[in-house]
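Encoded as structure tokens, the structure appears first; notes follow it.
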Amino acid sequence: MDGLTLDAQGLDQLTLTMAKILPATSRSAGDQFWLTQTRTVERTTGTAATFAPRLERLLERPGRQPLATFRIGFPARVARRSPRRPLAEVTR
């Protein structure tokens with residue numbers, strides 16, 4: 001199994017259970033949800049959107065959005081362990 005798993009997302013138990021029961025969403029719907037939530041947090045907290053403009057300048061591709069970015073911080077709750085493949089399987 002590759003990629004992110006629900007168990008390793010640090011979701012609360014109710015959200016994790018519902019995520020496992022309900023049908024999966026599309027990749028584009030998931031991407032849009034993440035983007036909407038990020039913008040909502042920025043508006044709610046009054047935080048200026050400084051990350052996106054700086055990233056756009058860094059990429060030198062106006063109007064384009066990166067697929068994934070990573071932010072550093074502290075977890076709100078402990079996540080479950082994520083499954084891993086053996087090293088030999090990924091270094092062929």
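The values are calculated or read from the model by the stated rules, or taken from the named source; none is laboratory data. Please read all numbers here as calculations on a predicted model, not as lab measurements. Cβ: placed from backbone, ideal geometry, glycine included. Neighbour counts: every protein chain shown.
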Query raised in the report: Do we have Arg61 as out of contact with any Asp or Glu (no Cβ under 8 Å at 6 or more places or on another chain) and not in a helix (DSSP H, G or I) here?
Result: yes
Report task. Filter the range 12-34 for residues that are touching a residue at least 24 places away in the same chain (Cβ under 8 Å) and either hydrophobic (A, V, I, L, M, F, W, C) or in a helix (DSSP H, G or I) (or both) and give the result. Result -> Asp31
Query - Verdict on Arg54 being basic (Lys, Arg) and within 29 Å of Arg80 (Cβ to Cβ) - result: no
**Report entry** Selection from the range 2-30 of residues that are at positive phi and exposed (fewer than 11 other Cβ atoms within 10 Å of the Cβ)
**Finding:** Gly3
Query raised in the report: Would you pick out the residues in the range 35-58 that are of a type in the set (Ser, Thr, Tyr), outside any helix (DSSP H, G or I) and loosely packed, with under 10 Cβ neighbours inside 10 Å?
Result: Thr50
Query raised in the report: From Thr44, Thr50, which residue is modelled with pLDDT of 80 or more and of a type in the set (Val, Ile, Thr)?
Result: Thr44
Query raised in the report: Quick one: would you say Arg84 is surrounded by 10 or more Cβ atoms within 10 Å (Cβ to Cβ), at pLDDT below 80 and over 15 Å from the mean Cα position of the chain (by Cα)?
Result: yes
